[in-house]
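For reference, the structure is listed below as structure tokens.
The values are calculated or read from the model by the stated rules, or taken from the named source; none is laboratory data. Nothing here was measured: the structure is a model prediction, and the numbers come from that model. Cβ placement follows ideal geometry from the backbone for every residue including glycine, while neighbour counts extend to all protein chains displayed.
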């Protein structure tokens with residue numbers, strides 16, 4: 001079983017490498033912030049940050065994320081590439097490749113989730129393990145909170161992992177029911193579970209389980225009315241994931257489309273997170289009371305508070321945002337371009353700049369980001385706009401001075417009429433030429 005053990009160790013190592021990408025910050029090199037100001041009152045914020053980092057365990061890394069915002073949808077797409085310092089020999093090289101597609105739909109009565117998954121793992125010695133789930137379907141009756149989970153799972157293997165198939169073929173309905181009973185899991189009922197092995201040694205499972213979410217919620221003390229509302233209002237989504245890993249490189253592509261207005265969805269999710277946070281606090285208090293172990297989520301509250309203030313004060317307009325993280329030669333570069341943001345009910349661009357100042361002030365105090373308001377900001381107004389502070393036009397200020405700015409629209413220079421664009425001497429010549437031609441035309445008419 002060394003192949004399986006190596007795979008597990010490799011997955012853990014790859015995860016740790018990705019999570020440790022930020023490494024140890026040894027000194028900030030620079031941070032530049034630009035604010036593009038538009039006549040409709042909106043702004044776009046550009047942030048470019050450089051840091052010197054050490055001990056990342058990663059040779060190079062590149063992450064790019066894109067946000068595309070439309071009227072009634074938004075899409076997130078990201079790619080990730082990580083190169084490690086690891087090397088391998090023919091006996092130690094291992095590879096993982098997988099893809100997953102998930103869709104969700106919801107109505108007043110039914111929530112449905114469908115997933116298709118393919119996972120392939122192999123090494124240089126002919127060992128391989130392949131898993132496919134096609135499909136995995138979850139259908140929930142929202143009123144009763146009862147669901148059916150059904151699916152088809154196929155396993156195949158060669159080399160050392162082929163031993164797994166011997167145990168996998170022994171799995172049946174009775175075995176699963178016994179496992180659930182021993183774990184005191186009463187909210188799952190096995191309706192059907194069959195397994196078969198074809199002539200190539202591939203194992204195929206077909207199953208249907210009944211999930212009683214109502215019973216589970218009551219066991220956990222969760223508000224079932226809250227759960228039902230979340231299912232009813234959940235937007236339809238489509239997500240795709242592809243990833244590839246070997247000993248030296250990791251690559252992933254991720255995309256998510258949410259069919260709902262991003263501002264409505266963010267406001268809704270803030271309410272959801274607040275409710276979940278309340279439920280978690282109650283559970284942690286009970287754990288602390290019964291076990292004496294002190295657990296706290298106080299660190300999450302300020303972040304959620306800032307997100308709530310953002311949704312209360314800003315609207316994201318139809319536009320695109322960008323996030324890029326690059327680690328190369330121990331230098332970490334982060335570039336963020338926000339989509340277009342506007343203060344709710346803003347009458348001028350200055351209203352949005354004041355709202356941004358207030359948000360930055362809250363972030364400095366609640367998140368403990370020291371000197372945030374001292375950050376230098378470069379102002380880039382749209383053509384036709386003028387930004388001043390105390391009557392003087394400015395191109396850069398600190399975040400703390402945004403509330404002191406005025407944004408005015410430059411009076412456009414009147415466009416002269418066609419006659420105004422022609423010099424008087426030219427008008428005289430033209431007028432004379434017209435008179436001469438008229439006189440000639442008159443004489444010719446008389447001769448006839």
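Table for the structure above
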item: Top-ranked residue in region 90-106 [being in a loop (DSSP other than H, G, I, E, B) and closer than 12 Å to residue 248 by Cβ; ranked as modelled with the lowest pLDDT]; result: 92
item: Of all residues making up region 190-209, the number that are surrounded by 15 or more Cβ atoms within 10 Å (Cβ to Cβ) and either free of Cβ contacts under 8 Å to residues at least 40 places away in the same chain or part of a loop (DSSP other than H, G, I, E, B) (or both); result: 4
item: Test: residue in region 261-277 that is at pLDDT below 90 and in contact with a strand residue (DSSP E or B) (Cβ under 8 Å, 6 or more places away or on another chain); result: no
item: Residue match in region 175-186 (condition: surrounded by 14 or more Cβ atoms within 10 Å (Cβ to Cβ), more than 26 Å from residue 98 (Cα to Cα) and in contact (Cβ under 8 Å) with a residue 40 or more places away in the chain); result: no
item: The one condition in (1) farther than 20 Å from residue 244 by Cα; (2) out of contact with any helix residue (DSSP H, G or I) (no Cβ under 6 Å at 6 or more places or on another chain); (3) touching a residue at least 24 places away in the same chain (Cβ under 8 Å); (4) surrounded by fewer than 16 Cβ atoms within 10 Å (Cβ to Cβ) that residue 77 fails to fulfil; result: (1)
item: Among the candidates 53, 44, residue that is surrounded by 15 or more Cβ atoms within 10 Å (Cβ to Cβ) and either more than 30 Å from residue 409 (Cα to Cα) or more than 19 Å from the chain's Cα centre (by Cα) (or both); result: 53
item: Qualifying positions in region 251-270 - part of a helix (DSSP H, G or I), out of contact with any helix residue (DSSP H, G or I) (no Cβ under 9 Å at 6 or more places or on another chain) and surrounded by 15 or more Cβ atoms within 10 Å (Cβ to Cβ); result: 262, 265
item: Identity of the residue in region 213-235, over 24 Å from residue 310 (Cα atoms) and in a loop (DSSP other than H, G, I, E, B), that ends up farthest from the chain's Cα centre (by Cα); result: 221
item: Members of region 236-250 found to be over 14 Å from residue 77 (Cα atoms) and either at pLDDT below 95 or part of a strand (DSSP E or B) (or both), listed by number; result: 244, 245, 246, 247, 248, 249, 250
item: Test: residue in region 34-41 that is buried (at least 17 other Cβ atoms within 10 Å of the Cβ), in a loop (DSSP other than H, G, I, E, B), within 22 Å of the chain's Cα centre (by Cα) and modelled with pLDDT of 95 or more; result: no
item: Total residues in region 369-392, condition without any contact (Cβ under 8 Å) to a residue 24 or more places away in the chain and either touching a helix residue (DSSP H, G or I) at 6+ places or on another chain (Cβ under 9 Å) or surrounded by 12 or more Cβ atoms within 10 Å (Cβ to Cβ) (or both); result: 6
item: Within region 124-143, tally of residues that are assigned to a loop (DSSP other than H, G, I, E, B), closer than 30 Å to residue 228 by Cβ and touching a strand residue (DSSP E or B) at 6+ places or on another chain (Cβ under 9 Å); result: 1
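So that you can scan it fast, the table gives a plain yes or no per residue for (1) over 24 Å from residue 102 (Cβ atoms); (2) modelled with pLDDT under 95:
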position: 126; (1), (2): yes, yes
position: 136; (1), (2): no, no
position: 139; (1), (2): no, no
position: 146; (1), (2): no, no
position: 149; (1), (2): no, no
position: 152; (1), (2): no, no
position: 156; (1), (2): no, yes
position: 162; (1), (2): yes, yes
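Matching residues to (1) crowded, with 17+ Cβ neighbours inside 10 Å; (2) part of a strand (DSSP E or B):
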site	(1), (2)
71	no, no
81	no, yes
108	no, no
122	yes, yes
